1. Can you tell me which of (1) β-branched (Val, Ile, Thr); (2) in contact with an Asp or Glu (Cβ under 9 Å, 6 or more places away or on another chain); (3) in a loop (DSSP other than H, G, I, E, B) is the one residue 46 doesn't meet?
2. Residue check: is residue 260 without any contact (Cβ under 8 Å) to a residue 12 or more places away in the chain and surrounded by fewer than 24 Cβ atoms within 10 Å (Cβ to Cβ)?
3. Being of a type outside the set (Lys, Arg), touching a helix residue (DSSP H, G or I) at 6+ places or on another chain (Cβ under 6 Å) and surrounded by fewer than 21 Cβ atoms within 10 Å (Cβ to Cβ) is the requirement here; does residue 302 meet it?
4. In segment 347-399, what residues are among the acidic types (Asp, Glu) and either closer than 30 Å to residue 259 by Cβ or surrounded by 18 or more Cβ atoms within 10 Å (Cβ to Cβ) (or both)?
5. Taking the options 80, 21, 60, name whichever one is over 19 Å from the mean Cα position of the chain (by Cα), surrounded by fewer than 20 Cβ atoms within 10 Å (Cβ to Cβ) and touching a residue at least 40 places away in the same chain (Cβ under 8 Å).
6. Output the residue which, of all residues in segment 301-341 that are basic (Lys, Arg) and not in a loop (DSSP other than H, G, I, E, B), is modelled with the highest pLDDT.
7. Restricting to segment 289-305, what's the tally of residues that are without any contact (Cβ under 8 Å) to a residue 40 or more places away in the chain and aliphatic (A, V, I, L, M)?
8. What are the pairs, 6+ residues apart or on separate chains, where a residue within segment 336-364 that is under 18 Å from residue 307 (Cα atoms) has its Cβ under 6 Å from a residue that is outside any strand (DSSP E or B) and of a type in the set (Gly, Ala, Ser)?
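The values are calculated or read from the model by the stated rules, or taken from the named source; none is laboratory data. Remember, predicted model here, so these are calculated numbers, not experimental data. Ideal geometry is used to build each Cβ from the backbone, glycine not excepted, and the neighbour counts take in all protein chains shown.
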Amino acid sequence: MLKNITHVRGFTCWGAHMGIKSKRRDLALIYSEVPASAAAVFTRNVVCAEPIKLSRKHIKDGTAQAFVINSGNANACTGKQGWEGAKAMADTTAKELKIPKESVIVSSTGIIGEPFPTEKVLAGIRESVKKLSNREIAGSLAANAILTTDTFAKEGFTSFTIDGIEINMGGIAKGSGMIHPNMGTMLGFIVCDLAISSKLLNEALRDAVDKSFNMITVDGDPSTNDMVAIMSNGKAGNREIKKKDANYDLFLSHLTKLCAHLAKLIVSDGEGSTKLIEYRVKGAKSEIDARQIVRTVSNSNLVKTAIFGSDPNWGRIIAAAGRAGVDFNPDNLDLFLGTEMNKLYPVLEKAQPVDGVRKKLEKVMKSSTIIIVIDLNQGDEEAVGWGSDFSYEYVRINAEYTT
């Protein structure tokens, strides 16, 4: 079994089945044995779930000691009953673990608008506290307990050395539908044993999320429940990182890689998805311009359906780039498609079609992984993002979601 969040010093977890979902586990608990520096980013949807409202309050002091997550019910658009349920999750977790309620970050995912099953959730919390473990299986159970329409658990782990001390970091995530830049129905929970100030941890998380979770799309629907949160408890014993030095940069690079790994797993499991597409825009005047084009092209239904049909209709890619609201000279544009960065086929060169390219693209378009590179040739900035195709199965899944 690969290493997971249980290989991070000072963390235990569990995943329980409490009955919101008929068969799958639906309550996850992740606990740090000591108070940890913490940070979180949340959905930008003005319609947000009750646990989001509560967790925004609890994370303000930059510390936390537990993540508790239920799946199967989003606790969104549930009014006072849902708010009381979210508070009960934090209160019960705090009481059972003997920690302040403000140290508990609460999250939910599932169907919107259904009454929140508070008593089932609280029973799951009590069960999970008794079974908290640092065994590998416990990490996998927690990863499975946060899933909804996902077809597999999303886990990641990385380690690196700072001042001769090994630092461990692991994460779990969920997401399959309602995934869109600036986060969709997507949850991510990361734990690390590094000693770092909460201020710098917050900055690092926002930077990493901006380059990973905020650069994926499945269907263009931001959700009510999105959250990515991190706890870093200092159990590695390194000298606390308090400034942006080489140690901070090393941590940030590994955090970004871990977030990108989890983000790509989400896209690869997009509802009804058959292909993972990596979009790269280079040669832009600014990173903002490059990111905007990536987001527009990756979220184009015409592009996504063409890729699902293995149709080398690259004109849709260029058309989407042109409506991204970015000023560029289309006569300077180059376009490449392929399955690996070192095996890209030139499709356009200075806006001129390359002879015979459609025949070469037939095999590329049938691949499960496709890379699209747009070079604007007017600057030095670039961006990368990821998306899925748009299939018949996606329509079926979402047409029947609550039934």
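1. Every condition holds for residue 46 apart from (2).
2. no
3. Spelling it out, residue 302 is indeed of a type outside the set (Lys, Arg), touching a helix residue (DSSP H, G or I) at 6+ places or on another chain (Cβ under 6 Å) and surrounded by fewer than 21 Cβ atoms within 10 Å (Cβ to Cβ).
4. 375, 380, 381, 382, 389, 393, listed by residue number.
5. Just a single option satisfies the conditions, and that option is 21.
6. 316
7. The total comes to 2.
8. 339/367
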